[in-house]
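**Student:** Before anything else, here's the structure in question.
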Amino acid sequence: AARRPQAVGGRAATSGAVPVAARSVVPVPAGATKAVQVAMEQQGDPYRWAASGPNSFDCSGLVMFAYAATGRSLPHSSRSLRAMTQRISEEELQPGDLVFGGSPVHHVGIYIGGGQMVHAPHSGDVVKVSGIYKTSKPVSFGRL
């Protein structure tokens, strides 16, 4: 729940702090919350190269599947996804933003908050939540 300003001398007082989300100049994409929810629902599904659901995924296939639930059509390629995003800093990350790994980029996950992302890591693994730095380095961030 939002904190209400406390009355001080008959006037409302606020801290003057700027919310983190207000610092970003790139708006959070419509449907980002739904995309996170859909991706999280796939936890435990197996990784399979070139798969985009509904029962197995590769990394970009998971992103494609999650955002398709919001009505957005995305490419099935981590490099293509990175090319179409606005670069943002780690401090600007919001749920629904994309986390990229590798140089050149070869991995992508969906940021869920708290320094975590949901992703399909590699063969032999499943869709799961990991820290954003558990992927291939270097890591970069983008907003659709």
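Derivation of every value follows stated rules applied to the coordinates shown; laboratory data play no part. In this text, all values refer to a predicted model and were calculated from it rather than measured experimentally. Positions of Cβ are backbone-derived with ideal geometry, glycine not excepted, and every protein chain shown enters the neighbour counts.
**Student:** For the stretch 30-143, place one equal point scatterer on every Cα, skip the solvent, and apply the Debye formula. What is log10 of I(q)/I(0) at q = 0.15, 0.16, 0.18, 0.21 Å⁻¹?
**Tutor:** For the stretch 30-143, the Cα-only Debye profile gives -0.51, -0.59, -0.77, -1.10.
**Student:** Net charge near MET84, counting Lys/Arg +1 and Asp/Glu -1 over other residues with Cβ under 14 Å of its Cβ?
**Tutor:** Numbers: positive: ARG72, ARG79, ARG82, ARG87, ARG143; negative: ASP97.
The answer is +4.
**Student:** Mind checking the stretch 34-108 for GluC sites (Glu not before Pro) that DSSP puts in a loop (not H, G, I, E or B) and that have at most 14 other Cβ atoms within 10 Å? Write down the numbers at each step before the final one.
**Tutor:** Working: sites: GLU41, GLU90, GLU91, GLU92; in loops: GLU41.
Filter output for the stretch 34-108: GLU41.
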